[in-house]
Each structure stands twice: as structure tokens, then as C-alpha cells.
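A short worksheet on the structure shown next.
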Amino acid sequence: MKRLKHFSIPIQGLKGGTHNFEFKLDEEVFSAFDFGDIDKGEFLAKVRVERMTGHFDLFYSIEGKMLTSCDRCTADISLDLSAEEHFVIKVGEERKMVDNVIFILVGDFEFNVAKYLYESICLQVPIVKTIDCEDMKEEEQPCDKTTLDYLNTEEKDDDKGSLWDSLKEIKFEN
Ligand SMILES: [Zn+2]
């Protein structure tokens, strides 16, 4: 995770009170992880850390677009995604996460938020990636009309009955 060093917050050096950070997540960040379903796109994360007595509160909200291909017609589409999260960070005996509490060690001066931000976006990726072209102006529709028309025709053909049914209607001469 060396490449994502700019996502490190000098957490234990923060003074009491509120601290705001902004991070941009793009291809460089997505490619640093070997899990998740996002390769292309751009997101902005607004991160707020509040140093309290005995713990830190970490809040963030993320907004942006992922670029992917439509599951119906394979055209390039862009999906708006957003996420919000709150974690409590505490110093503990070992690094671990229990529910929404993240434990760090006394010596962990920096806290890297990249993984958490990326995970939150991944959780918002829909299983089926499509957009409602029907609700958009024709010139703004990214979907491939030809492919969609073809798929629609295929579905109609299925209703027409099997080849066997049409063969039965052919009369043979003896
Ligand atoms: Zn499509």
C-alpha cells in the first residue's frame, strides 16, 4: 500500500477537535486493491476526524461515478454511487476491527483510510449494472440500441413456439 501513502492521516498527532480531509479516488487507487468490482471512475471522499477523549470519530461521505459496461448491451455506462460511514478509532492491544470500532496500536502514528473508502464504494456497486435508457433523452442514451433491439427480438421469437410445432404443419406427400 506504499503507493497510497497520501491517504494517511497523522491521526495520533491531531489536536483535539475537528479535522477535515479530502481524497480523490481514481484508477490508481482502484488498481491497488485485488478485490472489488471497480476499475474505472472517479470519486471524491470528504473525511472528518474528531479527536475526543479516549477515541477518535471518523466520518466520511463519498460521491462519484464508476465507469463500467452495461450488463444488458455492453455499452460503456457511468453509474452514480455514494456512500457514508462512521467508524470509532481506539488505541488497543492489537490491530483489529470489532463492528464499527477500529483498534490501532499506540505506535500507529498514521492511519490510512484508502482501504475503508474503497471498500465503502465497492459495497455500493449494484449486482446488475444497467441504467434506465428508456427514461433518458435519445441523444443521451449510452446503451447500444442495436444490441437491445436484437435481444428484444430474441425474446419475442421464444414465444412463437418451437421449430417442431411449425414442422408439424408441413404436409408430406406420399
Ligand atoms: Zn445497455
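Just so you know, all these numbers are worked out from the coordinates, no wet-lab data involved. Remember, it's a predicted structure, so these values are computed and weren't measured experimentally. With ideal geometry, Cβ positions are generated from the backbone for all residues, glycine too; neighbour counts draw on all protein chains shown.
Before moving on, here are some points about what is shown:
- Dimensionless Rg ratio for the chain, taking C-alpha atoms and the 2.2 N^0.38 Å reference: 1.62
- Residue pairs, from the table Lys65/Lys115; Lys24/Lys96; Lys5/Lys115; Lys5/Lys46; Lys65/Lys129, whose Cα atoms sit over 21 Å apart: Lys24/Lys96
- Potential lengthening of the chain between Glu28 and Ser82 amounts to 17.5 nm, from the contour at 0.36 nm per residue minus the alpha-carbon distance.
- Each residue of the range 28-43 is assigned a 3J(HN,Hα), and the resulting list reads 4, 6, 4, 6, 7, 10, 9, 10, x, 10, 10, 10, 10, x, 8, 10 Hz, derived from the Karplus form 6.51 cos²θ - 1.76 cosθ + 1.60 (θ = phi - 60°), x at Gly and Pro.
- Taking the Cα centre of the chain as origin and assigning +1 to Lys and Arg Cβ atoms and -1 to Asp and Glu Cβ atoms, the resulting dipole is close to 1240 debye.
- Distance between the range 96-146 and the range 30-70 - C-alpha centres, whole angstrom: 7 Å
- Computed label-point distance, nm, for sites Arg95 and Leu14 using a 7 Å Cα→Cβ extension: 1.8 nm
- With the helix formula -39500 (n - 2.57) applied to DSSP H stretches of n ≥ 4, the chain reaches a computed 222 nm mean residue ellipticity of -5500 deg cm²/dmol.
- Between Lys145 and His6, the modelled labels are 4.2 nm apart [label points 7 Å from Cα along Cα→Cβ].
- Angle of helix 145-159 to the longest C-alpha principal axis of the chain, folded into 0 to 90 degrees and rounded to 10: 60°.
- Farthest positive-ward along the chain dipole, Cα basis, beta-carbon charges - from Ala75, Asn112, Gln12: Gln12
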